[in-house]
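The values are calculated or read from the model by the stated rules, or taken from the named source; none is laboratory data. Not measured: the values here are computed from a predicted model. Using ideal geometry, Cβ is built from the backbone for each residue, glycine included, and neighbour counts are taken over all protein chains shown.
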Amino acid sequence: PKFFSCSANKGLAEKIADSCGCSLSNGEVYRFSDGEATVRIEESVRGADCFIIQSTSAPANENLMELLIMIDAIKRASASRITAVIPYYGYARQERKARARDPITAKLVADLITTAGADRVLTLDLHAPPIQGFFDIPVDHLTAVPLLANYYKKNKNLDNITVVSPDMGGVTRARDLAERLGVPLAIMDKRRPHPNVAEILNIIGDIQGRDIIVVDDIIDTAGTISQGSQALLNRGAKTVTACCTHPVFSGAAIERLQKSPLEEIIVTNSINLPKEKQIEKIKVLSLAELFGNAI
Ligand code: R5P
C-alpha cells in the first residue's frame, strides 16, 4: 500500500503508515498565492493501493477540498484503488432535514468524495451511523469505544463508576462503553433551545455518590459537557470526567473545559489539537493502531 496525507492529520497519518510497516509517500498539498490548493505527487502510484488520510475537520471546507483534490490527482495517476481514510467526518451533524428547506450536507459531502474517485471510505464514529448509506462505495465504520474502554480499565478503579450519555442520541455508544467496563449506565435528558446551546432537563438513572464518565462522540463548544458535568454534581454525583472521540473544540471550548468541574477529558487524535488547545486535563489517545489494523 501507499499512504498519503493532506494537511489535517500529518502526525496521525505518519503513525498509521508506520503501524503498517510503511512510511508516508511523497505527496504534498500546496497553496497558490490566491489560496487555491493543489497537490504534487512525487512518485508513481500506477496500479497502487492508495490510502489518503484526511479529517474534514475545521477549517472544514479547506480540508475537504484538499481531500478531493488529492483523490483526483491519485485517480488520474492510475492508482488501482483509493481509500479515503477520514478519522473525523465533518458536516455529519447536517445529516437530515431538521427543518423545511435545510440542506443535507453530509450526503453532499459523500457525493463529492465518491465523484472525486474514492473506491472505499474508512471512517470513525460518524455522528449519525446511517451516513454510511449515503455512499454507494464500501464504508468501514470504526469505533473508538474499545480504545476508550481500555484506557479506563488500565487507569481507573471501576468499582464506583457510572457511564453517562449526555443525550438520548448517545445511548448506544454509552451502553457499549458501560458494558465493556461492566458498570451501570445513566442518561441525561438534553434539549437544544438554540444551535450550540445545551440545557440539561433531567437525569435518568442513579448517579448519587457515583464517579461519572460522560461519553460523547463530539465535544464541540463544550456546552453539553460543561453544563452536563455541573448538572451531575448538583444532583449528587461524586466526581465527573469525560471522554469523546472527536475533540472539535471550537469557540470557547477550551476556556469552558478549563473552568468546568471535569477532572479529566480523554479524546482521540481524530482531530489534531494545536498547542494552544493542549491543556493539562486533556489526554489524547492515538488511533494509529486502530486504523492500521483496519487497513
Ligand atoms: C450532539 O448530538 C453531539 O453528540 C454532541 O453532544 C455535540 O455535538 C456536542 O456539542 P457541544 O460541545 O457544542 O455542546
Among the residues of region 26-42, write down those that are under 23 Å from G292 (Cα atoms) and free of Cβ contacts under 8 Å to residues at least 40 places away in the same chain. N26, E28, I41
Within region 260-293, of all residues that are under 16 Å from the mean Cα position of the chain (by Cα) and small (G, A, S), the one surrounded by the fewest Cβ atoms within 10 Å (Cβ to Cβ) is S286
Within region 184-200, how many residues turn out to be within 15 Å of the ligand (Cβ to nearest atom) and either surrounded by fewer than 19 Cβ atoms within 10 Å (Cβ to Cβ) or in contact (Cβ under 8 Å) with a residue 60 or more places away in the chain (or both)? 9
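For N269, are the conditions met, namely being at pLDDT 95 or above and more than 15 Å from the ligand (Cβ to nearest atom)?
Criteria met by N269.
Is there a residue in region 83-101 that is in a helix (DSSP H, G or I) and β-branched (V, I, T)? Spell out how you get there, then give the answer.
In the first step, residues of region 83-101 are kept if they are in a helix (DSSP H, G or I); the result is none.
Checked region 83-101: no residue is in a helix (DSSP H, G or I) and β-branched (V, I, T).
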Quick check on region 107-131: of everything there that is out of contact with any Lys or Arg (no Cβ under 6 Å at 6 or more places or on another chain) and under 20 Å from D216 (Cβ atoms), which residue is surrounded by the most Cβ atoms within 10 Å (Cβ to Cβ)? L124
Do we find a residue being modelled with pLDDT under 90 and within 16 Å of the ligand (Cβ to nearest atom) anywhere in region 175-182? no
For region 222-250, how many residues are at pLDDT below 95, more than 15 Å from V163 (Cα to Cα) and within 12 Å of the ligand (Cβ to nearest atom)? 4
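Yes/no matrix, rows are residues, columns are (1) away from the ligand (no atom under 16 Å from the Cβ); (2) in contact with a Pro (Cβ under 8 Å, 6 or more places away or on another chain); (3) at pLDDT 95 or above:
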| position | (1), (2), (3) |
| --- | --- |
| V85 | yes, no, yes |
| E95 | no, yes, yes |
| A106 | no, no, yes |
| T114 | yes, no, yes |
| G117 | yes, no, yes |
| A149 | yes, no, yes |
| N160 | yes, no, yes |
| V164 | no, no, yes |
Taking region 127-165 and keeping only residues that are without any contact (Cβ under 8 Å) to a residue 40 or more places away in the chain, over 11 Å from L181 (Cα atoms) and of a type in the set (A, V, I, L, M, F, W, C), one is left with A128, F134, F135, I137, V139
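Which residues, taken from region 26-58, are on the phi < 0 side of the Ramachandran plot and surrounded by fewer than 13 Cβ atoms within 10 Å (Cβ to Cβ)?
So in region 26-58, the residues on the phi < 0 side of the Ramachandran plot come out as 26-34, 36-46, 48-58.
The answer is N26, Y30, R31, F32, S33, D34, E36, R40, E42, E43, S44, R46.
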Does region 11-25 include one or more residues that are touching a strand residue (DSSP E or B) at 6+ places or on another chain (Cβ under 6 Å), touching a residue at least 24 places away in the same chain (Cβ under 8 Å) and assigned to a strand (DSSP E or B)? no
